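Everything below concerns the one structure shown next.
The values are calculated or read from the model by the stated rules, or taken from the named source; none is laboratory data. Treat the numbers as computed from the prediction; the structure is a model and nothing was measured. A quick note on method: Cβ atoms are made from the backbone with ideal geometry, for glycine too, and the neighbour counts reach across all protein chains shown. Note: accessible area is taken over every heavy atom of the protein model, side chains too, but ligands, DNA and RNA are not part of it. Shrake-Rupley method; radii C 1.70, N 1.55, O 1.52, S 1.80 Å.
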Amino acid sequence: MEQHTAETFAVWLRDQLTRRDYDLGLRGGGQTKFAADSGISRATISRMLSGQGATDTRVLALLAEALHLPLSDILVRAGILTADELGAVQHPSPGTRRITPDEAADELGITDEQSRDLFRSMTETLQRKQRNRKGGRRAAD
């Protein structure tokens, strides 16, 4: 997979602006016009185009809006996220969603309030023990 760096982002951004008819030549005025169109300062655009990168997500969001591209694409291009990280966010692995004891009781069909209280208490005790073990301390029995 291609490593996205500030330099590759600059090349990509230059291409995107040129495709949209922003003249980036020395006296073309393209940076100034894009700054006005996007709401991004000309100095920031200049830094991005010179290969100094962009990590401010507000700037990247404005860039995505101005280029009519998904913010996720811009974040990958800018090197903020890898394509794998983006995929993991867009399509999380099954079983990574944490549920509350009450949600678990609902899924298990535990409806009696006394049983739910017992289930909730037992679950919280087990979670506390697990946290203590991970922290290197033994839980009191």
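Considered as a group, the residues in segment 46-55 that are in a loop (DSSP other than H, G, I, E, B) and open to solvent by less than 30 Å² (accessible area, probe 1.4 Å) include one that is farthest from Val89 (Cα to Cα), and that residue is Gly51.
The residues in segment 33-45 that are in a helix (DSSP H, G or I) and either open to solvent by 80 Å² or more (accessible area, probe 1.4 Å) or among the small types (Gly, Ala, Ser) (or both) can be counted, and the count is 7. Look at segment 106-117: where a residue is part of a helix (DSSP H, G or I) and a partner is surrounded by 11 or more Cβ atoms within 10 Å (Cβ to Cβ), sitting 6+ places away or on another chain with Cβ atoms under 7 Å, you get Arg116/Ala105; Arg116/Ile110. Restricting attention to segment 61-101, the residues that are at pLDDT 90 or above and either touching a Lys or Arg at 6+ places or on another chain (Cβ under 6 Å) or open to solvent by 60 Å² or more (accessible area, probe 1.4 Å) (or both) add up to 7.
Scan segment 19-31 for residues that are in a helix (DSSP H, G or I) and more than 18 Å from Ala54 (Cβ to Cβ) and jot them down. Arg19 - this is the single residue of segment 19-31 that is in a helix (DSSP H, G or I) and more than 18 Å from Ala54 (Cβ to Cβ).
Residues checked against (1) of a type outside the set (A, V, I, L, M, F, W, C); (2) more than 15 Å from Ala6 (Cα to Cα):
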| site | (1), (2) |
| --- | --- |
| Gly25 | yes, yes |
| Gly30 | yes, yes |
| Arg42 | yes, yes |
| Gly51 | yes, no |
| Leu60 | no, no |
| His68 | yes, yes |
| Leu75 | no, no |
| Gly79 | yes, no |
| Ala83 | no, yes |
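Every condition in (1) modelled with pLDDT of 90 or more; (2) in a helix (DSSP H, G or I); (3) touching a helix residue (DSSP H, G or I) at 6+ places or on another chain (Cβ under 6 Å) holds for Arg58 except the one numbered (3).
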